[in-house]
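Just so you know, all these numbers are worked out from the coordinates, no wet-lab data involved. Here the structure is a predicted model, which is why all the values come from computation and not from measurement. Positions of Cβ are backbone-derived with ideal geometry, glycine not excepted, and every protein chain shown enters the neighbour counts.
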């Protein structure tokens, strides 16, 4: 859905008459050709969300990013926009945190290799050494984290800083982040939870799904907050199971959904299609 | 999956060597031709479940139901079977309880009319008069229930008794059964809950789904027990939604899933494909 | 997704810089408050499609439909728009054509009754008398069509004219329209086909699906053109089946999908979310 | 669904009274404890299919495979069974044929590595060298095939023979097998086709899906026969798309479905759940 040479503008503001006209009018006056535009007005909260993909459409289009930002800053001030402008080919840099399970990491790495990931994995961190070989085969650095939790999180922060990574993706990391670290990464840390939230919050969801005898199991990608498994949901999917499925079967079946849901969420983030809206998300398609 | 002139034998017992051979051998010796057979051994609980559909396959086949039952009672005693034998064309008689919402009732009535329901609705009961016209147009009796809860349940029991109905189907009935009445109908009372249990147990699930910002909504058909929304699950399904869906949208989208999930559960019951297995179910396909 | 008191503007034109700005700027200058806006630029064909839902947002908003149309005609001329303006509560009037099968008609009628249909069924026409009782119970006129094909189509045209209906919905009508009639209704006649097109075009798709041993069956709602089963697709869905399903099972399972897919397509039309784009469609969500 | 130390018996025969009893009675008399049993009688063709998983349940159970086969050969002769007996932990040996696209191969290799593949990849063959590194990193031999078709197929046959592989899996191999080679591998060669067959048979299905404007795209795993894209279907799945999806988007979205459908089909084969039934399949779950 993105195009080379194009720009992605995302913005949010209080909803009022004229925002769309203000933004699109400005783009038109500067020969910005709109390739895609999606918007959503939340009538309950009064917030407005917009994502515009545009490209040079004529001679008045600004020559570089700084001039473009300058042009946009006028309308941004007028409507009190929270906004972000990126080149559509500037890939979101992510650090992936894993534990022992390889399915999510392998899926992300293979998508990256085959050009199907809209973000760039720049490093992998883990509290185990098991997935080092897989990571390094893909030519990426693998950082074994110290056992102490505070040291662990400090190390993750250092890796993110050194790799100029904005986002952290917990790909079955199996560790609860401290409230402080979660706050620091608010809106920039994504987790895959192996249940269809809010069902089976917390530990061992497949065991509890088996005990409860559910007929569908699921996975949920969400932003991490200090409140465990309560962060804003980005993507969910389910798979049908029946009475014959043991806990091990559920775990095995669940792997495919977890990997798929996480990949979709990472791609949505990478394409700047995800907005926070209180404890919910707006995810343009 | 059923056939005219055929019989359905359902059984459950402690699992051990020889059960299948005992049952199928007996059928073979009496010229019973097996049309379909499904079985499941729960290795955790040691329970065995079996559903066999069979028909006359030769001259030694018993002439009537009594003789067939007599033949089966031998193997039933040997393996300590809980068992049930019905003609495949003997339809399960159900009373449907509704409140004001018509979508589940209309769906069941139309399936009955078009031959797509594997059970027979013999009466409709309600604490409102709103769905009388719809019910009576389909030629079925409609009973308005008294306001008092005890009287209400007594009246439902009377309607079921008079109509020789074994099962009660709560098709968005919006009333919690008393523990005593739920116990009395154990394994014979089905409810459709408008969420993907165990998420959003209790009241107003669509409102809470909206607040939580889930990306899928669902419905759950389950047996009613004294423990609200905790009964054994028979069938579940979900539908994708996104940030644009208001609570009203969720309610509207959810109606289709509720009707479909309930119809599937009623058909599974009617075809004798559902077994209780502790707080879970075995549902053969 | 629609709102009382609001307007829906749909438009299509050759894509160029400034269309969005032109339309939204005009709305802003006349105090039009945008509630929803979706657009799509087809880079292959160079066509642009837009649907804007807006409402009065201030004193400059035109007082009536005529003035609003006058205001819009300026921008329409400037950008050579094909455009349409309707009140969001002005329901699309449809005539439904049926044969003997009731599932699609019943589903549409019940949705209408329960407020879940974004169009208004104003009459039912049929070449059989079987569904008269169902239709009339819902308080709608039922027209039995003559046997002769030309007379049949003339009668449908007359019913549509008398009922001021714009669209014809073939809800398992089982008759092929003449090329002339199909042309006359181009973009205004919707059919539900009981297969996942382009698989199993033509007659008896469930029989052929059974012969081919497919593992999913589907249904397709599409615009009718002179080229049978080749019209632009509006909506499709599938359901899983397995080797045990007989042709009759497929027909029975397929009914649910047919009714659901048709209802979704009618709602998309009724909400003015469907655009023709050559032999394809643009369907905003 | 399989268990260590267990045996899988698959059989097919003309359907008649007593087959199930004959098989299960024999197992019971030799202390075979049935863990799972599925069967299907095709009333149209009169063929019967059965898969029984059983284990030692007492002292009379045969001590080794030869004795077990001897025991079974009696009932096999009596009912004229086509039958096969394998240990449940004896994995089906497969050779995977690929071209340039890596998504299906990577998915299979990762499933193998993580214990989620019910077959064993013993070699990879390809007409390009591109996927050598991926294959060899997983410790598997990679054979570059000669350009000449006859030589190519001879080499595949040689690799299969040397690796004692029974089955060939075309994981986006992009070459049409010769009729002779397809015949020789009848029932032992699996292909993943990147469309929802029978729609878009032949080349460039995503391009044609885009032209046709379908709202769902799919993938089909089927046995290869001399009749291109007409072999018996094992598994299918679809994914929703909309008007915004370009051909490249369809190709990208399709990769996930292709890999998933192929993995499911390979697992079904590996678990001996797939039977040929004329030009269709029986796939037990």
Hey, any idea what the orientation-averaged projected area of the convex hull of the range D:32-184's Cα atoms comes to, in nm²?
-> 12.3
How high is the relative contact order of the range A:1-69, in percent, with contacts defined as C-alpha pairs under 8 Å that are six or more residues apart?
-> 40
Cα-based Rg and Dmax for the range B:59-138, in Å, come out at 19.0, 55
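What relative contact order, as a whole-number percentage, does the range D:157-201 give when Cα pairs under 8 Å and 6 or more residues apart are counted?
Values: 26 pairs, mean separation 17.9, N = 45.
This gives 40 percent for the range D:157-201.
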What is the average number of partner chain Cβ atoms found within 10 Å of a Cβ in B:161-174?
-> 0
For the protein assembly as shown, treating each Cα as an identical point scatterer without solvent, what Debye log10 I(q)/I(0) comes out at q = 0.05 1/Å?
-> -0.36
Determine one quarter of the surface area of the Cα convex hull of the range B:181-285, which equals its mean projected area, and express it in nm² to one decimal.
-> 6.5
Evaluate the distance, in nm, between pseudo-label points positioned 7 Å from the Cα of residue D:144 and of residue A:166 along their respective Cα→Cβ axes.
-> 4.2
Taking neighbour Cβ counts within 10 Å as the exposure measure, how do C:281, C:10, C:45 sort from fewest upward?
-> C:45, C:10, C:281
Taking each label point as 7 Å beyond Cα in the direction of the beta carbon, state the distances from residue B:278 to the same residue in the other copies, shortest first, in nm.
-> 4.0, 4.4, 5.9
Chain D - mean residue ellipticity at 222 nm from DSSP helices (-39,500 (n - 2.57) per run, n ≥ 4, rounded to 500) = -10500 deg cm²/dmol
For the range B:1-53, what's the radius of gyration and Dmax over Cα atoms, in angstrom?
-> 11.8, 36
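Scale the Cα Rg of chain D by the rule-of-thumb value 2.2 N^0.38 Å and send over the ratio, two decimals.
Details: Rg = 20.5 Å, N = 285, 2.2 N^0.38 = 18.8 Å.
Relative to the rule-of-thumb radius for its length, chain D sits at 1.09.
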Taking Cα atoms only, helix B:247-270 is inclined relative to the longest principal axis of chain B by an angle, in degrees rounded to 10, of 20
Please determine, in degrees from 0 to 90 and to the nearest 10, the orientation of helix D:65-79 with respect to the longest principal axis defined by the Cα atoms of chain D, where the helix direction is its Cα long axis.
-> 90
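Equivalent ellipsoid semi-axes for the range C:218-267, as square roots of 5 times the alpha carbon gyration tensor eigenvalues: give them largest first, rounded to whole Å. Walk me through the intermediate numbers first.
Values: eigenvalues 107, 33, 13 Å².
Gyration-tensor ellipsoid for the range C:218-267: 23, 13, 8 Å.
Sorting C:215, C:149 on the 10 Å Cβ count, fewest up front, what's the list?
Exposure proxy ranking, most exposed first: C:149, C:215.
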Which angle between 0 and 90 degrees, to the nearest 10, do you get for helix A:149-162 versus the longest principal axis of chain A when only C-alpha atoms count?
-> 40
Of B:13, A:104, how do they rank once you tally other Cβ atoms within 10 Å and put the fewest first?
-> B:13, A:104
Cα-based Rg/(2.2 N^0.38 Å) for the range A:110-210, rounded to two decimals, is 1.16
So what's the gap between the Cα centers of the range A:2-51 and the range A:173-248, to the nearest angstrom?
-> 33
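Take the Cα atoms of the range C:7-87, build their convex hull, and give its volume per residue in Å³. Kindly include the intermediate steps, with their values, before the conclusion.
Working: hull volume 6.0 nm³, N = 81.
Once divided by residue count, the hull of the range C:7-87 is 74 Å³.
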Distance from a point 7 Å along Cα→Cβ of residue D:246 to each backbone N in the range C:16-37: keep the residues under 19 Å and list them by number.
-> C:16-17
With contacts defined as alpha carbon pairs under 8 Å and 6 or more residues apart, what's the relative contact order of chain C in percent?
-> 16
